[in-house]
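Asks: One structure coming up, written as structure tokens, with questions to follow.
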Amino acid sequence: MRRVSLLSAACAIAMSGAVFLNAAPVRADDAITIVIKDHKFEPAEVKVPANKRVTLLVDNQDATSEEFESGEMKVEKIVGGRKQIKVMVGPLKPGRYPFFGEFHEATAQGAVIAE
């Protein structure tokens, strides 16, 4: 009887740990993906932790190149068609940091929000 109780308690603890692992917040060292599709950024806004250095993974799913540019974040990089780049930004003070695609500026607009 005691073994069943210990086994049940161990299973409950293990299962609760799995639930907590799935609910973990995004860490500052995790890459945040921004997709370029149909000359638009998706999502158009991403939230990052303030005062932390973060990695943005820019995934261009279009066949044509696009530029990922932000004067506020001091970034200007070309992403080839169907290519990906990693961009390190920050640490950023709390605020809104716009970015755009210079090759399709009318539609390729977005922002990083540091909180």
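The values are calculated or read from the model by the stated rules, or taken from the named source; none is laboratory data. The shown structure was predicted, so the numbers you read here are calculated from the model rather than taken from an experiment. Every residue, glycine as well, gets a Cβ built from its backbone with ideal geometry; the counts of neighbours run over all protein chains shown.
Asks: Looking only at region 81-98, how many residues end up being surrounded by fewer than 12 Cβ atoms within 10 Å (Cβ to Cβ), in a loop (DSSP other than H, G, I, E, B) and of a type outside the set (Lys, Arg)?
Replies: Residues flagged as surrounded by fewer than 12 Cβ atoms within 10 Å (Cβ to Cβ), in a loop (DSSP other than H, G, I, E, B) and of a type outside the set (Lys, Arg) within region 81-98 amount to 1.
Asks: Within region 99-109, identify whether any single residue is within 11 Å of the chain's Cα centre (by Cα), assigned to a strand (DSSP E or B), on the phi < 0 side of the Ramachandran plot and at pLDDT 95 or above, and answer yes or no. First the steps, then the outcome.
Replies: Taking region 99-109 and keeping what is within 11 Å of the chain's Cα centre (by Cα), we get none.
Within region 99-109 (the criterion being within 11 Å of the chain's Cα centre (by Cα), assigned to a strand (DSSP E or B), on the phi < 0 side of the Ramachandran plot and at pLDDT 95 or above), the answer is no, since none of the residues qualifies.
Asks: I'm told Val79 meets every condition in (1) touching an Asp or Glu at 6+ places or on another chain (Cβ under 6 Å); (2) over 17 Å from Ile32 (Cβ atoms) except one. Can you identify the failing condition by its number?
Replies: Among (1) touching an Asp or Glu at 6+ places or on another chain (Cβ under 6 Å); (2) over 17 Å from Ile32 (Cβ atoms), the lone unmet condition for Val79 is (2).
Asks: Sticking with this structure for a sec: Cβ-Cβ distance below 8 Å, separation of 6 or more or different chains: which pairs start in region 66-77 with a residue that is in a loop (DSSP other than H, G, I, E, B) and end on one that is surrounded by fewer than 19 Cβ atoms within 10 Å (Cβ to Cβ)?
Replies: Correct list of pairs: Glu72/Pro98.
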